[in-house]
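Beneath this line is the structure, given in structure tokens, with notes to follow.
The values are calculated or read from the model by the stated rules, or taken from the named source; none is laboratory data. What you are looking at is a predicted structure, and each value in this text was computed from that prediction instead of being measured. Positions of Cβ are backbone-derived with ideal geometry, glycine not excepted, and every protein chain shown enters the neighbour counts.
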Amino acid sequence: MEVLIFDHMNECTEAEVQRMLPLVSEQRRQQALRYKHTFGQFCCLKSWIMLFEQVEMSRYRDVEWNYNDHGKPFIEGGPYFSISHCKEAIAVAIDAHPIGIDIESIRHADDDLIARTMNEAEQSKIKNQKSKIEGDREFTRLWTQKEAVAKMNGTGIEGFEQLQHILSKSRDFEISTIEKEKYIYTIAYGKLCSIGAEIQAADL
């Protein structure tokens, strides 16, 4: 398993977008240009470059992505991968088995959002934190875990009921959550996988 994190988001500029455009596939180039803002274009291009700089993915650089019925991208015959980004960072995970990754900036959730997305035990865990900031971190931590599992399953988020209970169902997977000052990310993976060293992909 390889996990790559890029958090030098000060590099998100129009000039950097223009530099990266010729480096990606035509499919990814068109996807990037559909975004109206520089940030979306940058993340779309940078995540592709991060993904295909890796040895196990490099042979598939020119192969078009396919998408399952829930919109999850995959490459026929290639390794499994997952991509996520937030305003603070971009995350990419690659493995020989199904994998999901989600990265989020620390975010505040109001009571209504917490009630719709968390089960009773998770709601109590959030509300019993010592401070509002710790409550926000707990919500963000749980949110990344739920998103990562949904991505690993290839289903995405199908509804609030699924989201509430996705972590409490029979566990045939593992999750690893990593916390930074401004963001949190979670990798979800099958029990056959093993976590390798984190790669700081800051200079791709």
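Selection of strands (runs of 3 or more DSSP E) fully inside segment 127-204 by the criterion of at least 3 residues being buried (at least 16 other Cβ atoms within 10 Å of the Cβ) and modelled with pLDDT of 85 or more returns 173-179, 183-190.
For the subset of segment 63-94 comprising residues that are among the acidic types (Asp, Glu) and touching a helix residue (DSSP H, G or I) at 6+ places or on another chain (Cβ under 9 Å), which member is modelled with the lowest pLDDT? Show your work before the answer.
Start the filter on segment 63-94 by keeping residues that are among the acidic types (Asp, Glu), which leaves 64, 69, 76, 88.
Among the residues that remain, those that are also touching a helix residue (DSSP H, G or I) at 6+ places or on another chain (Cβ under 9 Å) are: 64, 88.
Details: 64: 92, 88: 97.
For segment 63-94, the residue satisfying everything is 64.
Here segment 10-26 is the region considered, the condition is being out of contact with any Ser or Thr (no Cβ under 8 Å at 6 or more places or on another chain) and crowded, with 17+ Cβ neighbours inside 10 Å, and the residue that is nearest to residue 188 (Cα to Cα) is 24.
In this structure, is residue 29 at pLDDT below 95 and surrounded by fewer than 21 Cβ atoms within 10 Å (Cβ to Cβ)? Against the criterion (at pLDDT below 95 and surrounded by fewer than 21 Cβ atoms within 10 Å (Cβ to Cβ)), residue 29 does not qualify.
Look at residue 57 and say whether it is surrounded by 13 or more Cβ atoms within 10 Å (Cβ to Cβ) and out of contact with any helix residue (DSSP H, G or I) (no Cβ under 9 Å at 6 or more places or on another chain).
no
Residue-level check: of (1) more than 17 Å from the chain's Cα centre (by Cα); (2) under 22 Å from residue 69 (Cα atoms), residue 172 misses just (2).
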